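The values are calculated or read from the model by the stated rules, or taken from the named source; none is laboratory data. Bear in mind the structure is a predicted one, so any value in this text is a computation, not a measurement. Here Cβ is always computed from backbone atoms with ideal geometry, including for glycine, and neighbour counts include all displayed protein chains. Heavy atoms of the whole protein, side chains included, go into the accessibility calculation; ligands, DNA and RNA do not. Shrake-Rupley method; radii C 1.70, N 1.55, O 1.52, S 1.80 Å.
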Amino acid sequence: MVTDESHPGTDSGRPPIDAELVRKTARLARLEIDESEIPQMVEHMEKILDLVADLGIGSGSQSDSFSETEGESTLPVSEWREDVAATEGQPGGPRDPKVLGSNAPDWRDGAFVTPRVVGGD
Amino acid sequence: MSESADSGVLPAPESTSLEVMAHLKTGKCTTVELIRHYLKYLETIGRDLGAAVEILSDSALAAAQESDTRRASGKPLGCLEGVPFTAKMNIATREGTTDAASGMLRGFAASEDSTAVARLRAEGAILVGKSNCDEFAMGASNESSHHGVVHNPWDRDRVPGGSSGGAAALAGSFGWAFHLGSDTGGSIRQPAAFCGATGMKPTWGRVSRRGLVAFGSSLDQIGPLTRDARDAQLVLSVMEGRDPLDATSQSFNPSETSSMKRIGLVSEGLTEAIAPEIRQRTVEVVERLKKMGHEVVEVSLGTLSKANACYQVIATAEASSNLARFDGIHTGQRVQSEDLEELYSKSRRQGFGAEVRRRIMLGTFVLSSGYIDAYYGKAQQVRREIRQEMLSALDKVDSLMMPVSPFAPFRIGERVSDPLALYACDILTVTANLAGVPAVAIPCGFDSEGLPIGLQWMGKHGDDHRLLDLATSLQDQDDSWRGLPPGGSQ
């Protein structure tokens, strides 16, 4: 069962998926979703979450959580790279404005020109 | 030797990268002649397959000319001198675009090479093009790219696998070059198996991820797709090692260098869920290993049944987080709006394809308040169990073997509308990613329809080169991998 008691689980251990949950998740994901797409999204999420129920959702403690680097030798601080800014020509250093500017919609007087974020052109 | 171009004699079409270098050394053809012919292959077969989406003729020919000049003047040569290679569309290169096969990043030009590409070029390898893939590397059939589908070179009505489908189709249809892919849940090994190529997913952290468009950061690795394991060995040795610009990268010193004598056959990889011809082929390869002097014992990985579910939660959670940056303002295509929230949601709706949106939705759900502990927390717990079981098994044997895919390459369109049918492709590959261990897939013959079958071997963290030695010894015993598909090389 899921941990949130306001969402009673199904037999498979997953919460019921309905149009409102899909709309809420889409809002959290900042994804516009058309009303006509919702039934299929409900169906797909149900199927995938039923598959995921193989994990034994809600059972056991979370104390054994995973860390990708566990058990591996981590890099000693002494071997970290120096905290200095990269110079031009080095990876991560300042780059040719013309190259960077090729990804911007416009380039004027040494600055990117982009549309206003909200309102106007 | 095959056809002539200009005045030189070109290598045979199925030649490996190492053989191509030996050929160039003899002076039978120049690097410019070699690269010119390879570019022609990309323009014809590569385009027809949908595998080559960008062909970098000018920069490749300029690099080839420089290589010929170096060779003629007796200057030091790189250990991949003159060898053509392609990079998957999610790997940054300073020429061409790096759009991760997504409309969201349409036209995006990286200003620098990824570390892997930079290291390969520094050793004389020549970037000739960018290969197609599933959008943001999410898929197992290469049907979700905004550049269109890729066709399997062995049967063009079938998928090449994914997400590195373009790289695999190129590696499976013609020799000479090597191809960079990325593997988050099997995206190098499964397409390699479907196309008759060799594919290597290195230990997590072995190859720098700097310049790789992130999907699931704790799972992603760049790796090679090649004709054979010797080429993969060489390419990996150039790319690998600590990169100051990727804090998660590491240099590995293997604890052992002896050959892998004791092999564990994963019994869960031979259940009835696996196609009979693939099971049969696995048994035949086991017999071959025994004849070669290996000891093969059956090993059970009970957590394999949970691996795909665990992967779907972790990969989608990380994807939803990584892809949050594509908001239409800082990064990605923008749909103008009077309202900020609407600008975000419309830009993301328009920029991402259906499969990516579905994964973002699932990832957002499993991370959302009320569900995160039950789903993401639980999956992390199961991930630890998977890793512990894998490492415990690898204490008893040198390597674990099983098929790559439970079934043969399927027809284009056959599974695309059912996400579960597509996710089933990953059931045997995701375990290596979840445990972070290296895995190599090699072609092991064909089924009755003439479609390639691939098997994989996994090893302990850092055992990448020992695995490739094992793969090489198998390929030395059976050279059926050398064959090219009918029409593929013409």
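Of all residues in segment B:367-404, those satisfying the criterion of being away from chain A (no Cβ under 12 Å) and among the charged types (D, E, K, R) are B:GLU389, B:ASP395, B:LYS396, B:ASP398. Scan segment B:320-346 for residues that are closer than 19 Å to A:ARG27 by Cβ, at the interface with another protein chain (Cβ under 8 Å from one of its Cβ atoms) and surrounded by fewer than 21 Cβ atoms within 10 Å (Cβ to Cβ) and the total you get is 10. Limited to segment A:65-90, what total is found for residues that are open to solvent by 70 Å² or more (accessible area, probe 1.4 Å) and modelled with pLDDT under 70? Within segment A:65-90, residues that are open to solvent by 70 Å² or more (accessible area, probe 1.4 Å) and modelled with pLDDT under 70 number 3. Would you be able to say whether some residue in segment B:230-244 is surrounded by fewer than 22 Cβ atoms within 10 Å (Cβ to Cβ) and either of a type in the set (Lys, Arg) or part of a strand (DSSP E or B) (or both)? Looking for residues that are surrounded by fewer than 22 Cβ atoms within 10 Å (Cβ to Cβ) and either of a type in the set (Lys, Arg) or part of a strand (DSSP E or B) (or both), one finds at least one in segment B:230-244, hence yes.
Condition check ((1) open to solvent by 10 Å² or more (accessible area, probe 1.4 Å); (2) in contact with a strand residue (DSSP E or B) (Cβ under 6 Å, 6 or more places away or on another chain); (3) in a loop (DSSP other than H, G, I, E, B); (4) within 11 Å of chain A (Cβ to nearest Cβ)) across all residues:
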site	(1), (2), (3), (4)
B:ALA192	no, yes, no, no
B:GLY205	no, no, yes, yes
B:GLN250	yes, no, yes, yes
B:THR257	yes, no, yes, no
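Contact map, segment A:73-85: residues that are in a loop (DSSP other than H, G, I, E, B) paired with residues that are at pLDDT 75 or above, Cβ distance under 7 Å, separation 6+ or inter-chain. Pairs shown: A:ARG81/B:PRO244.
Go through segment A:99-121 and report how many residues are touching a strand residue (DSSP E or B) at 6+ places or on another chain (Cβ under 8 Å) and open to solvent by 70 Å² or more (accessible area, probe 1.4 Å).
First pass over segment A:99-121, keeping only residues touching a strand residue (DSSP E or B) at 6+ places or on another chain (Cβ under 8 Å): A:101, A:104-107, A:112-114.
Restricting the remaining residues to those that are open to solvent by 70 Å² or more (accessible area, probe 1.4 Å) gives A:105, A:107, A:112, A:114.
Of the residues in segment A:99-121, 4 are touching a strand residue (DSSP E or B) at 6+ places or on another chain (Cβ under 8 Å) and open to solvent by 70 Å² or more (accessible area, probe 1.4 Å).
All of B:VAL366, B:VAL382 fail the test of being aliphatic (A, V, I, L, M) and under 27 Å from B:ASN90 (Cα atoms), apart from B:VAL366.
Scan segment B:259-283 for residues that are polar (S, T, N, Q) and surrounded by 20 or more Cβ atoms within 10 Å (Cβ to Cβ) and jot them down.
Selection gives B:THR282 alone.
Sub-8 Å Cβ pairs linking a first residue in segment A:19-45 that is surrounded by fewer than 21 Cβ atoms within 10 Å (Cβ to Cβ) to a second residue that is among the acidic types (Asp, Glu), at least 6 apart or interchain, are A:GLU32/B:GLU342; A:VAL42/A:ASP18, ordered by first then second residue.
Taking A:GLU43 as the residue in question, decide whether it is within 18 Å of B:LEU362 (Cβ to Cβ) and at pLDDT 85 or above.
In short, yes.
Can you tell me which residue within segment B:71-120, out of those that are among the basic types (Lys, Arg) and either away from chain A (no Cβ under 14 Å) or touching a Phe, Trp or Tyr at 6+ places or on another chain (Cβ under 9 Å) (or both), is most open to solvent (accessible area, probe 1.4 Å)? Before the answer, list the steps.
Initially, segment B:71-120 is screened for residues among the basic types (Lys, Arg), giving B:71, B:75, B:88, B:94, B:106, B:119.
The next check asks that each one be either away from chain A (no Cβ under 14 Å) or touching a Phe, Trp or Tyr at 6+ places or on another chain (Cβ under 9 Å) (or both); those that pass are B:71, B:75, B:88.
On the way: B:ARG71: 66, B:LYS75: 123, B:LYS88: 0 Å².
Among them, the one singled out is B:LYS75.
Would you be able to say whether some residue in segment B:70-85 is among the basic types (Lys, Arg), in contact with a strand residue (DSSP E or B) (Cβ under 8 Å, 6 or more places away or on another chain) and at negative phi? For segment B:70-85, residues among the basic types (Lys, Arg), in contact with a strand residue (DSSP E or B) (Cβ under 8 Å, 6 or more places away or on another chain) and at negative phi: absent. Residues that are surrounded by 15 or more Cβ atoms within 10 Å (Cβ to Cβ) and small (Gly, Ala, Ser) within segment B:286-319 comprise B:ALA307, B:ALA309, B:ALA315, B:ALA317, B:ALA319, listed in sequence order.
Can you tell me which residue among B:GLY436, B:GLY413 is away from chain A (no Cβ under 13 Å), at pLDDT 95 or above and out of contact with any Ser or Thr (no Cβ under 6 Å at 6 or more places or on another chain)? So that I can check it myself, show each step before the final result.
Details: B:GLY436 fails: away from chain A (no Cβ under 13 Å).
Step by step, each of B:GLY436, B:GLY413 is checked, and only B:GLY413 is away from chain A (no Cβ under 13 Å), at pLDDT 95 or above and out of contact with any Ser or Thr (no Cβ under 6 Å at 6 or more places or on another chain).
None of B:LEU400, B:LEU455, B:LEU468 is closer than 27 Å to B:VAL150 by Cα and at pLDDT 95 or above except B:LEU455. Within segment B:132-159, being farther than 29 Å from B:ALA317 by Cβ and crowded, with 24+ Cβ neighbours inside 10 Å holds for B:ASN152, B:PRO153, B:TRP154.
Determine, yes or no, whether B:SER347 is among the small types (Gly, Ala, Ser), over 28 Å from the mean Cα position of the chain (by Cα) and outside any loop (DSSP other than H, G, I, E, B).
Working: among the small types (Gly, Ala, Ser): yes; over 28 Å from the mean Cα position of the chain (by Cα): yes; outside any loop (DSSP other than H, G, I, E, B): yes.
So B:SER347 passes the test.
Would you say B:SER141 is outside any helix (DSSP H, G or I), under 16 Å from the mean Cα position of the chain (by Cα) and within 30 Å of B:SER251 (Cα to Cα)? No; evaluated as a whole, the condition is false for this residue.
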